[in-house]
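Okay, structure first, notes after.
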Amino acid sequence: MDEEQTRQDVADEQLINDAFQQLLNSYLSSRHRKKVDLITKAFNFARQAHKGVRRLSGEPYIMHPIAVARIACEEVGLGSTSICSALLHDVVEDTDYTVEDIENIFGAKIAQIVDGLTKISGGIFGEQASAQAENFKKLLLTMSDDIRVILIKICDRLHNMRTLESQPANKQYKIAGETLYIYAPLANRFGLYKIKSELENLSFRFEHPDEYASISQKLELTQQQREALFEQFKAPIKEALDKMGIDYEIKQRVKTPYSIWNKMQNKHVAFEEIYDILAVRIIFTPKVREEEVNECFNIYVAISKIYKSHPDRLRDWLSHPKANGYQALHVTLMSKTGQWIEVQIRSDRMNEVAEQGFAAHWKYKDGLEDEEYTEDEAELNDWLRTIKEILDDPQPDAMDFLDTIKLNLFASEIFVFTPKGEIKTMPAGCTALDFAFSIHTFLGSHCIGAKVNHKLVPLSHKLNSGDQVEILTSKSQHVSPSWINFVSTAKAKAKIQAILRRDSRESLKAGEDILQEFLQKNEMDLTPAVIDQLAEFHEIPKRNDFLVALGEKTVLLGEKDLDELKGNNKKQDGKSGWRKFIPFIGNKKEELPKQYLFIVPEKFNRKKPIYISEENINQYKFVGCCHPIPGDDALGYINNKNQIEIHKRTCPVATKLKSSYGNRILDIKWDMHKKLFFDATIRLGGIDRVGLLNEVTQIISSQMNVNIHTVNITCEGGIFDGSIELRVHDREDVKTIIDNLKSVADLKEISQII
């Protein structure tokens, strides 16, 4: 045994040394100053601290910090401070060393970054709070002082995603969901496109393994076709660019399985109907660095003489780069095979910025030593300021908080002008009210309307790129709750909610007093459980909203509330305010034995999957947000009452739950045997003709013996659009019905409504 252990130790030692040498080689070949001694010191310290500890995959723990440091160095282009912080990022969290120890040995800057990367230990926020959201909040707070914190966190997340196989399924859904919801948009915001795509793709692979495998296989099968198209398309372009004497390379970029799947979901189309799987990049080295923008346009002029360009699909990110620094010229050309192909024209510098984001900016700043980086990117500063404002007035609810932050992450930009002609970058889809709040809170809260291009418009008017906007105010104007519904920026939403919360505090206090008096009169105590019970009885999802409603007298307490509290008014399904799951057999409700909801016991193994069968289906809560049916990729969520809610993994509510309450996520497996019926809706579209609907219903009802519940069809100008609600056993039934309906002539679009 000792001999075997010694062999293992020697092998581990070799593995660790090789990995660290690769890291050093990457660092030495970068443009940063050569602080090899400091990096070696950090490595030896971390190696000693994590000695004897292994990851779930079985490899020595130190391999993870080395891998994160390599991603920071090679893929993000960071220098020694970041590499040391990456090597040390788990030391404080997982060992007895403190942030003070790190500061004494490695200095204040590395200690500050390591502190920002250290999770807050759980349990100090109480049951209702989400440690996940608190950790994210801490990350953003530290990021406001040093952006490298979030960049290293993204590297850490990328390595965790690359090694996610070793985790149990429930942990996979939590980490993948959080990655898609928070970290991929963050990577996008910093211009890390390669990392953003990989994070999305890995999340998709773990959450929807079957769909991922299916799309990957189809991509493989169509690869030769794409290669041939690419070769044919680039040949005349090469000839033209060679004549111009340009130093360039032409690359093809294939859409990732995730972005293909996303498009299939959003546009309700099949894989075969997606035509922009292939895109082409022309990356050139300019003859004169200052002339690179002009050279982009010269290349555009040359290639648009070869292929016709799409008039509405020219995207000029040269004159106005995106907020994350991205610059390129995008043009869509018609190939000789009748397919539109997007061509992205960028210089080598623009390409590096596109792949490494903000980190690449620092490389192109002359005289910048190592990574003493300056935040002179105005857009980034604005974004950090917005985040600081949101953090100064944090949301009480973890999910609201993550939502508010996320609003600013995904948004693509438009350019808007002030009355004096100053240019402002705003998220696409923003309104005049968003613009008012972006300038000043006072302006936003007293805004009564705006003049857009000298025409009067309401607060909710959506702005377009190039609009000139003048905000109109009145001192008598007050913030209204309805404003939340049409603002789209995080800043405006956060400010409106803060003002509304301030106004509602008085109502909240009044509501508490009313409830206290009501309960005292009936000899009952005021407890959080009582408030929750009454809030659910009145179908108000949040405790505070219920108390505000009491204070504003929109809810009045009476005998029914008393009955509810004493348990005399239970509905048939044992609850009110949620959709009790009732399976169907034909048109009759199946008589299942009465079952009570499963309550999760204290020592419950959350790693093991839960199997849902006909016998136990009534023990789980099927909430009405996404209607999962057997065969769907599903997950379970342990709610505040320790009951298990079932959601589709793609459900927007589940996405937020994975990001905020990941430790309550469970893996769900179906064990159904086509005995029960479930609702499913199929969307149809096509060219109207006599007898078409009859053919559709014949296939569904007669051939397949499926019960049609409702039909809703509208027809305009010879084109029809509609939906059919069916009773099916599972997802397989839906797929078979869709496949069979494809044989109906003039039926052009068939998809399931998710």
Residue match in the stretch 678-685 (condition: farther than 22 Å from Cys625 by Cα and of a type in the set (Lys, Arg)) = no
task = Might you check whether a residue that is in contact (Cβ under 8 Å) with a residue 60 or more places away in the chain and open to solvent by less than 50 Å² (accessible area, probe 1.4 Å) occurs anywhere in the stretch 689-702?
result = no
key: Residues of the stretch 488-526 satisfying the condition of being aliphatic (A, V, I, L, M) and more than 36 Å from the chain's Cα centre (by Cα)   = Ala510, Ile514, Leu515, Leu519, Met524, Leu526
ask   = Can you tell which of Ser507, Ser465 is in a helix (DSSP H, G or I) and among the hydroxyl-bearing types (Ser, Thr, Tyr)?
value = Ser507
key: One residue from Ala111, Ala69, Ala133, Ala86 being open to solvent by less than 40 Å² (accessible area, probe 1.4 Å), assigned to a helix (DSSP H, G or I), out of contact with any strand residue (DSSP E or B) (no Cβ under 7 Å at 6 or more places or on another chain) and at pLDDT below 75   = Ala133
key: Filtered residues of the stretch 444-502 (kept if basic (Lys, Arg), within 22 Å of Val416 (Cα to Cα), surrounded by fewer than 18 Cβ atoms within 10 Å (Cβ to Cβ) and out of contact with any Gly (no Cβ under 8 Å at 6 or more places or on another chain))   = Lys451, Lys455
Qualifying position, being under 22 Å from Leu676 (Cβ atoms), open to solvent by 40 Å² or more (accessible area, probe 1.4 Å), part of a strand (DSSP E or B) and not acidic (Asp, Glu), among Thr710, Thr714 = Thr710
message = closer than 19 Å to Glu342 by Cα, without any contact (Cβ under 8 Å) to a residue 12 or more places away in the chain and out of contact with any Lys or Arg (no Cβ under 7 Å at 6 or more places or on another chain): is that true of Ala270 in this structure?
response = no
inquiry  = Going by what's in this entry, would Leu519 be described as farther than 17 Å from Thr554 by Cβ, open to solvent by less than 70 Å² (accessible area, probe 1.4 Å), outside any helix (DSSP H, G or I) and without any contact (Cβ under 8 Å) to a residue 24 or more places away in the chain?
reply    = no
inquiry  = So, in the stretch 641-688, exactly how many residues are free of Cβ contacts under 8 Å to residues at least 60 places away in the same chain, in contact with a helix residue (DSSP H, G or I) (Cβ under 7 Å, 6 or more places away or on another chain) and acidic (Asp, Glu)?
reply    = 0
inquiry  = Suppose we filter the stretch 145-165 for residues that are farther than 12 Å from Phe206 by Cβ and either among the hydrophobic types (A, V, I, L, M, F, W, C) or not in a loop (DSSP other than H, G, I, E, B) (or both); how many remain?
reply    = 14
task = Select from the stretch 75-109 the residues that are among the aliphatic types (A, V, I, L, M) and within 29 Å of the chain's Cα centre (by Cα) and write down the one among them that is farthest from Phe43 (Cα to Cα).
result = Val76
request  = May I ask you to list pairs of residues, at least six apart or on different chains, whose Cβ atoms are under 6 Å apart, with the first in the stretch 608-629 being more than 17 Å from Leu676 (Cβ to Cβ) and the second being part of a loop (DSSP other than H, G, I, E, B) and among the polar types (S, T, N, Q)?
outcome  = none
message = Being among the charged types (D, E, K, R), within 30 Å of Gln172 (Cβ to Cβ), open to solvent by 50 Å² or more (accessible area, probe 1.4 Å) and in a strand (DSSP E or B): is that true of Asp679 here?
response = yes
note = Restricted to the stretch 288-299 and to residues being of a type outside the set (A, V, I, L, M, F, W, C), in contact (Cβ under 8 Å) with a residue 24 or more places away in the chain and open to solvent by 50 Å² or more (accessible area, probe 1.4 Å), the residue nearest to Ile246 (Cα to Cα) is Asn298
request  = Of the conditions (1) open to solvent by 50 Å² or more (accessible area, probe 1.4 Å); (2) modelled with pLDDT under 80, Gln533 clears all except one; give me its number.
outcome  = (2)
query = Has the stretch 157-173 got any residue that is modelled with pLDDT under 90, of a type outside the set (Phe, Trp, Tyr) and in contact with a Phe, Trp or Tyr (Cβ under 8 Å, 6 or more places away or on another chain)?
reply = no
task = Residue by residue through the stretch 247-288, note down the ones that are modelled with pLDDT of 85 or more and basic (Lys, Arg).
result = Lys251, Arg253, Lys255, Lys263, Arg281, Lys287
request  = Select, from Thr650, Thr655, the only residue that is outside any loop (DSSP other than H, G, I, E, B) and either among the aromatic types (Phe, Trp, Tyr) or more than 17 Å from Val734 (Cα to Cα) (or both).
outcome  = Thr655
message = Give me the residue from the stretch 232-262 that is of a type in the set (Val, Ile, Thr) and within 28 Å of the chain's Cα centre (by Cα) and, out of that set, surrounded by the most Cβ atoms within 10 Å (Cβ to Cβ).
response = Ile260
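The values are calculated or read from the model by the stated rules, or taken from the named source; none is laboratory data. Bear in mind that the values here come from a model prediction, so they are computed numbers and not experimental data. Quick reminder, even Gly has a Cβ in these numbers, built from the backbone with ideal geometry, and neighbours come from all protein chains shown. We work out accessible area using only protein heavy atoms, side chains counted, and drop any ligands, DNA or RNA first. Shrake-Rupley method; radii C 1.70, N 1.55, O 1.52, S 1.80 Å.
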